[in-house]
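These notes are about the structure you will find just below.
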Amino acid sequence: NTAGEAMLNMMICARTRMHRRLQPDLSWEDAFHQDSSSFAVYISDQAKACRLAGLRCRRVPARLEGNYSLHPSDVMEAMEKDRAAGLRPVALILTYGSTNTSGTDDIAAFKDLAKEEDLWIHVDAAYAGAAWALDEFRKDSQAVSDVVTSVNMNGSKWFLCGFDSAFLWVRDRKLLLDVFSASGVFMAEVGETSIYNPEFKDWSVPLGRRFRALRIWMVFEYFGTSGVRSYIQQAIDQASWLRSKIEESALFEQPVQTKFGLVCVRSVKGEETTQQLAKHLSDLGYGIAPSKICEKDALRIALGSAATTQAHVEQLWKDMVTFAEH
């Protein structure tokens, strides 16, 4: 369905798994209903929080080093403070392509922490996970395979599949079955050789779901894997071209360094001019998303439409420069 639903399901699993580890004699049903008010999940202050799972959400400040990124030592410090207050660390949510600046946490750097703390490590790659299809980012996907318990990405953000479609991978699907499995005499029995296997009602909260598989199949049937890769690479190339123009210009600056299809920019003349630029571009018909980065106004320009050509990007740059020079 969505990245938010994926994270909710994973945090419910993390919570229930921890209760079973603390009290091995508990059934999965009893573990599901235990008091989790002392359990904590850690996440970057640049990412989406997850409170609905009954866990305390600890937002750890990310460091700005080119872009925002979470550091293991900062997470460890937050955990130590929580332990002193009687809380128990349960899970860590890392981000690969944050909403505001497309920042990424260094997933490989958390490998030792994951082992030492026995945490459920989830990666929210809703936007930038699509980049793993390219050789340039294959090293990052290998880190995910080595470190994390679960990972999600959206088919709607940068994968041509439309809303709502999200993908979720989990290292051990039995964890999902133990937590969410629903049964009854009125339900078909699901065995390893059954035509109903896998039965996705046993993998998450809802019993039913929309039929999204055909839409996703059609995307790959039409574009092919090479076409999807070309589409992702095109967005990065267009964004890189625009980033290079901003770096060469004395009219604009980039508050953070980005590497995917998102470009963050502001006017060197200050916030008022940046706000005026946003309105000007919007009036011209561009889909520009104003935001604040480092507590100052900035524009977020997301390249990623299959219909966007290099000519469109060059025209955008010309309109930006024309505004700034007048």
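For the pair Glu325 and His33, label points projected 7 Å from Cα toward Cβ lie 7.2 nm apart. Which aspartates and glutamates, if any, have their Cα less than 16 Å from the Cα of Lys174, not counting same-chain residues under 8 positions apart? Output for Lys174: Glu29, Glu192, Glu199, Asp202. The heavy atoms of Ser156 present about 40 square angstrom of accessible area, all protein chains included, probe 1.4 Å.
Applying a DSSP loop filter and a limit of 14 other Cβ atoms within 10 Å to the trypsin sites (Lys or Arg not before Pro) in the stretch 208-265 leaves Arg209, Arg210. Normalised by 2.2 N^0.38 Å, where N is the number of residues, the alpha-carbon radius of gyration of the stretch 35-146 equals 1.05.
Once you order the gyration tensor axes a ≥ b ≥ c over the Cα atoms, which shape class does the stretch 244-326 get: rounded for a/c under 1.5, otherwise prolate or oblate by comparing a/b with b/c? Rounded, since a/c falls under 1.5. Approximating the spin labels as points 7 Å out from Cα along Cα→Cβ, the Lys111-to-Leu64 distance works out to 3.1 nm.
Taking 13 Å as the straight-line reach from the Cα of Lys292, the aspartates and glutamates in range (excluding those fewer than 8 positions away in the same chain) are Glu271, Glu272. On a per residue basis, the chain carries 50 Å² of accessible surface, using protein heavy atoms and a 1.4 Å probe.
With the cut-off at 27 Å, tell me which of the pairs Lys245/Lys296; Lys201/Lys259; Lys157/Lys259 have Cα atoms farther apart than that. Going by Cα-Cα distance, Lys201/Lys259 fall outside the 27 Å limit. Note on Glu77: accessible area is roughly 90 Å² with a 1.4 Å probe, heavy atoms of protein only. How big is D for the stretch 167-326, in µm² s⁻¹ as a whole number, if Stokes-Einstein is applied with the Kirkwood radius of its Cα pairs at 25 °C and 0.890 mPa s? In µm²/s, the coefficient rounds to 125. Using the Kyte-Doolittle scale, which helices in the chain average at least 1.6 and also have C-alpha atoms spread 30 Å or more along the helix axis, with helices defined as whole DSSP H runs? Correct list, ordered by number: empty. Binning the alpha carbon pair distances of the chain at 20 angstrom intervals from zero yields the distribution 28, 52, 18, 1, expressed in whole percent.
The values are calculated or read from the model by the stated rules, or taken from the named source; none is laboratory data. Not measured: the values here are computed from a predicted model. With ideal geometry, Cβ positions are generated from the backbone for all residues, glycine too; neighbour counts draw on all protein chains shown. The protein model used for the area step is the full one, side chains on, heavy atoms only, and it has no ligands, DNA or RNA in it. Shrake-Rupley method; radii C 1.70, N 1.55, O 1.52, S 1.80 Å.
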